[in-house]
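Chemist: One structure follows; several queries about it will come next.
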Amino acid sequence: MGDVIRTVKIKLDVPDERCDDLHQTKDQFLHCANTTAEWAWRHPNDYCITSKQTAENALYERLRDETALTANLVQKGIRRAIEATKSGVARLKNGDNTSQPHFDAWSVVYDKRAATFHRDHVSLSTINGRVECDYVIPDDAEGTPIGEYLLNKNYEFRTSTLQYDRPTESFYLHARMRQTEDTDQGHSTAFFDSEHRTVLGVDLNVDGSLAVTSTGAFIGNADEMNHRRREFEKTRGSMQQTGTRSAHLSIQSMEDREHRWMQDELHRASNRIIEEARDHDCTHISFENLTDIRERMADAKRFHAWAFRRLVEYVEYKAEMVGIAVAQVSPAYTSQRCSKCGFTHETNRRSKHQFVCQKCGYELNADYNASKNIARKLLKKLHSGQTSSGGGAPCQCALTSGTLNLNGEYTASVDSTAEGESTDKPKTSVAGH
Ligand SMILES: [Zn+2]
């Protein structure tokens, strides 16, 4: 039985300020493909390389360094060139005239790791984080490929391409949709249709622990990051005063070292977050929206904003590889709301890292409290179907009695008592017990 695959051309509504990110992603993607083609094409002096694995081994590291693309897009660029090389070799064998493949058409290949496909929008990985693009769907889509395939749950997304139409300056997703076999089960339909949903909430901080999860994991050390940053800036300041060429070079190498250290830290933190999500069978990870973070968090510096964005990005692409969705929710009141009784007031937060509810007396680490609210926000959103496809699937926050001075009394009552939003009470999970 062959696969039924249909291609649907969907116009995208790309935020103006993100168009350039897509163009640059395309440039770098084509750079990967062209570099690979040049390397692989050895005719007439030698055999051409047609093994994807050999090409990846030879070129992957270098192309990762040369571009700001995610691992997956670099790989796709290499593979695209190897496929073209293979067909070139086949033509040569046929006695046809051909030459080294070259890529200049505006096209980027997206699979489920580099993109999250929804029925009404797509989230695309770029050289500058993810960009969310709504689909431009006509009012009367019935009978068109959009109605027949895109909006049809019996079709699932396969590897697709992003293209650009220069005359109209419009981006199009050429979505390849495959008919699913067990059409009544719905196992392989859209991402958000999974049977159960468990959300891990993650609160990010400029001091104390870098990330605190709703399961009570305290991850990374923001204080150490701040300390290193201060030392670095001090040293840089005094070296800049000397102004010599060698001072300039030392500053450069020190900056590189700091940058690598920070990236390593963020990779480690992102791995811990993924582990935490997997340990608790989470289907989703929820962060606060990072827009305007510096206005919102008094002590947030430019490097914090950068670090947070990078961390979320790392989590996003690692989560995709293990089938976990990542979403951002509005940060409003997440630090003022009591995660036990729901009472929300600015006096609730007594000190930076200690939360005391003025109504029920619930007392806990303030970042841990916030992370539970962050999980709950996404849960509500999923439950009410505000995301691409809602439905009545059971939802739950991933919670645990946690560490620090917390004990069993909090357990999972948090996500079932304060909601009052649903007749189908979320299954409580005392994950970690
Ligand atoms: Zn309370």
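The values are calculated or read from the model by the stated rules, or taken from the named source; none is laboratory data. Keep in mind it's a predicted model, so treat the numbers as computed, not measured. Methodologically, a virtual Cβ is constructed for each residue, glycine included, from the backbone with ideal geometry; neighbour enumeration extends over all protein chains shown.
Here is a yes/no grid of residues against (1) without any contact (Cβ under 8 Å) to a residue 24 or more places away in the chain; (2) of a type in the set (D, E):
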| site | (1), (2) |
| --- | --- |
| E320 | no, yes |
| A325 | no, no |
| Y333 | no, no |
| R337 | no, no |
| K340 | no, no |
| R350 | yes, no |
| V356 | yes, no |
| E363 | yes, yes |
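Chemist: While we're here: Out of the strands (runs of 3 or more DSSP E) lying entirely within region 111-169, which hold 1 or more residues that are in contact with a helix residue (DSSP H, G or I) (Cβ under 9 Å, 6 or more places away or on another chain) and of a type in the set (S, T, N, Q)?
Modeler: Working: elements: 115-117, 121-126, 129-135, 155-165.
In region 111-169, the matching strands (runs of 3 or more DSSP E) lie at 115-117, 121-126, 155-165.
Chemist: Right, next: Of the conditions (1) assigned to a helix (DSSP H, G or I); (2) surrounded by 15 or more Cβ atoms within 10 Å (Cβ to Cβ), H227 satisfies every one except a single condition; which number is it?
Modeler: (2)
Chemist: With the structure loaded, tell me whether R64 is without any contact (Cβ under 8 Å) to a residue 12 or more places away in the chain and either more than 19 Å from A105 (Cβ to Cβ) or not assigned by TED's automatic domain parsing to the domain that holds Y135 (or both) or whether it fails that test.
Modeler: So R64 passes the test.
Chemist: What do you reckon, is R91 of a type in the set (K, R), under 26 Å from the mean Cα position of the chain (by Cα) and part of a helix (DSSP H, G or I)?
Modeler: No, not satisfied.
Chemist: Here is a further query. Kindly check whether there is at least one residue in region 313-328 that is among the polar types (S, T, N, Q) and either over 23 Å from Q396 (Cα atoms) or touching a Lys or Arg at 6+ places or on another chain (Cβ under 7 Å) (or both).
Modeler: no
Chemist: In this structure, does Q263 turn out to be of a type in the set (S, T, N, Q), surrounded by fewer than 19 Cβ atoms within 10 Å (Cβ to Cβ), in contact (Cβ under 8 Å) with a residue 12 or more places away in the chain and out of contact with any strand residue (DSSP E or B) (no Cβ under 6 Å at 6 or more places or on another chain)?
Modeler: yes
Chemist: What pairs can you find where one residue is in region 17-46 and in the same structural domain as V131 (by TED's automatic domain parsing), the other is in a loop (DSSP other than H, G, I, E, B) and among the charged types (D, E, K, R), and their Cβ atoms are less than 9 Å apart, with a gap of 6+ or different chains?
Modeler: Between residues of region 17-46 that are in the same structural domain as V131 (by TED's automatic domain parsing) and residues that are in a loop (DSSP other than H, G, I, E, B) and among the charged types (D, E, K, R), the close pairs are C19/E169; L30/D104; N34/D104.
Chemist: Could you identify the single residue in V326, V312, V322, V356 that is more than 20 Å from K112 (Cα to Cα) and β-branched (V, I, T)?
Modeler: Going through V326, V312, V322, V356 in turn, just one is more than 20 Å from K112 (Cα to Cα) and β-branched (V, I, T): V356.
Chemist: Can you find, within region 120-171, the residue that is surrounded by the most Cβ atoms within 10 Å (Cβ to Cβ) among those that are among the aromatic types (F, W, Y) and over 23 Å from I324 (Cα atoms)?
Modeler: F171
Chemist: Looking at (1) more than 20 Å from F218 (Cα to Cα); (2) exposed (fewer than 15 other Cβ atoms within 10 Å of the Cβ); (3) at pLDDT 90 or above, find the lone condition where T291 falls short.
Modeler: (3)
Chemist: How many residues are among the small types (G, A, S) and under 13 Å from V315 (Cα atoms) when one looks only at region 248-300? Steps first, answer last, please.
Modeler: Step one: of region 248-300, the residues among the small types (G, A, S) are 250, 253, 269-270, 277, 286, 298, 300.
After this cut, where a residue has to be under 13 Å from V315 (Cα atoms) as well, the list is 269-270, 277, 286.
Residues meeting the conditions: 4.
Chemist: Taking region 234-286 only, how many residues are part of a loop (DSSP other than H, G, I, E, B) and among the acidic types (D, E)?
Modeler: Number of matching residues: 1.
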